[in-house]
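Just below is one structure, and these are the notes that go with it.
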Amino acid sequence: MNDARVLVVDDSAAMRALFCDVLEQTRQIEVVGTAANAAEAREQIAQLRPNVVTLDVEMPGMSGIEFLEEIMSTRPLPVVMLSSLTQRGTETSLRAYELGAVECFPKPLKATPEQFSKTVSKLGKIVLAAANSNVRDRPRHRDANAQDVPFSWNGHIAAFSASMGGIDALTALLGHYPRNCPPTAVILQTEPSLADVFIARLDDALKCAVKPALDGAALTQGTVHVAADPARHVVFEPGQPPRLRLLEREPVDGVRPSANLLFGTIARGGVPAVGAVLTGLGEDGARGLKLMREAGCHTFAQSRATATVSQAPAAAIALEAAEHELAIDELAGAVLSSCSTG
């Protein structure tokens with residue numbers, strides 16, 4: 001893994017100092033410079049050649065979003081956007097993903113010491129992963145396509161996991177879903193408020209329904225259930241129809257909701273299913289996907305070449321949990337083919 005050479009861009013001197021201190025507490029991260037605005041950042045990028053930029057959304061003059069668009073259209077670099085968690089902030093974060101940001105991270109403006117400590121660790125991991133991310137070959141975020149192609153369901157359910165880069169990957173994958181898509185459960189590791197806006201947008205854009213995962217939700221044809229609540233796990237409950245159950249219990253391997261837990265309960269449920277690990281940090285999903293494969297399910301991983309962050313799919317491939325490694329558009333076709341009678 002390459003070291004991260006970071007340029008911190010923020011109009012607040014206090015925030016620049018804060019993030020420099022936060023990032024330099026993480027091994028393999030060096031803050032090579034700071035900038036207060038887009039003009040300074042433009043010069044610093046040319047002189048210092050950072051391999052990742054943290055960029056404040058709200059800056060005087062050229063905004064962070066405008067500067068992000070400039071970076072991605074002229075000389076693409078991995079960019080981590082830093083923003084508030086207001087309604088406006090989450091809408092702006094989705095726009096940042098559309099323009100090519102690797103990740104959007106909430107500023108810890110009112111964090112307790114314990115929360116701030118977690119922020120230090122999480123932001124460091126994100127920035128290091130961003131420095132090693134794929135900003136050129138990954139599928140660029142695009143509007144979800146409202147598909148309504150002929151599809152005959154064979155009874156298989158689908159389950160996906162995604163974290164860093166997941167907004168892009170899920171937009172591309174679910175954009176291929178028809179109105180009567182297979183019942184689908186998704187674990188998405190992202191900020192809950194951002195997930196809510198993302199789910200609402202997909203529900204408007206796609207022919208199928210996209211809903212937040214709720215306790216007792218029936219897995220029926222035509223609906224995608226997205227779990228992003230960091231307070232509760234999601235598990236599979238067999239039945240006619242099968243259902244999702246939400247559990248309040250400790251994180252599994254430091255993660256909640258856990259893809260390993262969801263995938264494992266699907267495997268133990270003995271139902272025909274297809275699973276896929278998409279772009280993301282860490283190894284969550286690999287062990288659960290392995291259980292699905294051993295139970296006779298079809299299993300896939302997003303190709304490391306097209307994943308924004310390849311850690312999660314690489315873990316699934318290393319464990320031989322995935323039968324096939326596919327680019328996201330190919331993966332969408334393979335999932336629908338596995339769930340079709342055709």
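The values are calculated or read from the model by the stated rules, or taken from the named source; none is laboratory data. No experiment lies behind these values; they were computed from the predicted model shown. Here Cβ is always computed from backbone atoms with ideal geometry, including for glycine, and neighbour counts include all displayed protein chains.
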Subject >> Subset of the stretch 305-326 [surrounded by fewer than 21 Cβ atoms within 10 Å (Cβ to Cβ) and either of a type in the set (Ser, Thr, Tyr) or modelled with pLDDT under 95 (or both)] >> reply: ALA305
**OP:** Sort out which residues of the stretch 266-283 are closer than 20 Å to ASN154 by Cα and hydroxyl-bearing (Ser, Thr, Tyr), and write them in order of number.
**Re:** none
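Which residue, of SER93, SER73, is assigned to a helix (DSSP H, G or I) and touching a Ser or Thr at 6+ places or on another chain (Cβ under 9 Å)? Quick ask: steps written out before the conclusion?
Numbers: SER73 fails: touching a Ser or Thr at 6+ places or on another chain (Cβ under 9 Å).
One residue alone meets the criteria, SER93.
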Original post:
How many residues, within the stretch 1-22, are in a helix (DSSP H, G or I) and within 13 Å of VAL127 (Cα to Cα)?
Top reply: 3
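A quick yes/no check of all residues on (1) of a type in the set (Lys, Arg); (2) surrounded by fewer than 20 Cβ atoms within 10 Å (Cβ to Cβ); (3) over 17 Å from ASN2 (Cβ atoms):
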{"residue": "ALA41", "(1), (2), (3)": "no, no, yes"}
{"residue": "PRO50", "(1), (2), (3)": "no, no, no"}
{"residue": "VAL57", "(1), (2), (3)": "no, no, yes"}
{"residue": "MET62", "(1), (2), (3)": "no, yes, yes"}
**OP:** For ALA286, state whether it is among the small types (Gly, Ala, Ser), at pLDDT 95 or above and within 24 Å of SER133 (Cα to Cα).
**Re:** yes
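Can you go through SER152, SER84 and tell me which one is over 30 Å from LEU261 (Cβ atoms), of a type in the set (Gly, Ala, Ser) and modelled with pLDDT of 90 or more? Let's see the steps before the verdict.
Details: SER84 fails: modelled with pLDDT of 90 or more.
So the residue among SER152, SER84 that is over 30 Å from LEU261 (Cβ atoms), of a type in the set (Gly, Ala, Ser) and modelled with pLDDT of 90 or more is SER152.
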**OP:** Give, as residue ranges, the strands (runs of 3 or more DSSP E) completely inside the stretch 173-246 that count at least 1 residues that are surrounded by fewer than 22 Cβ atoms within 10 Å (Cβ to Cβ).
**Re:** 209-212, 223-227, 233-237
Subject >> Residues of the stretch 262-281 satisfying the condition of being crowded, with 24+ Cβ neighbours inside 10 Å and of a type outside the set (Gly, Ala, Ser) >> reply: LEU262, PHE263, ILE266, VAL274, VAL277, LEU278, THR279
Subject >> Sole residue being aliphatic (A, V, I, L, M) and out of contact with any Ser or Thr (no Cβ under 9 Å at 6 or more places or on another chain), chosen from ALA231, ALA169, ALA158, ALA162 >> reply: ALA231
**OP:** Scan the stretch 32-61 residue by residue and report those that are modelled with pLDDT under 95, touching a helix residue (DSSP H, G or I) at 6+ places or on another chain (Cβ under 6 Å) and not acidic (Asp, Glu).
**Re:** VAL57
Original post:
How many residues are closer than 19 Å to ALA273 by Cα and of a type outside the set (Phe, Trp, Tyr) when one looks only at the stretch 217-254?
Top reply: 22
**OP:** Sort through LEU336, LEU262, LEU291 and tell me the only one that's of a type outside the set (Ser, Thr, Tyr) and either assigned to a loop (DSSP other than H, G, I, E, B) or in contact with a strand residue (DSSP E or B) (Cβ under 8 Å, 6 or more places away or on another chain) (or both).
**Re:** LEU262
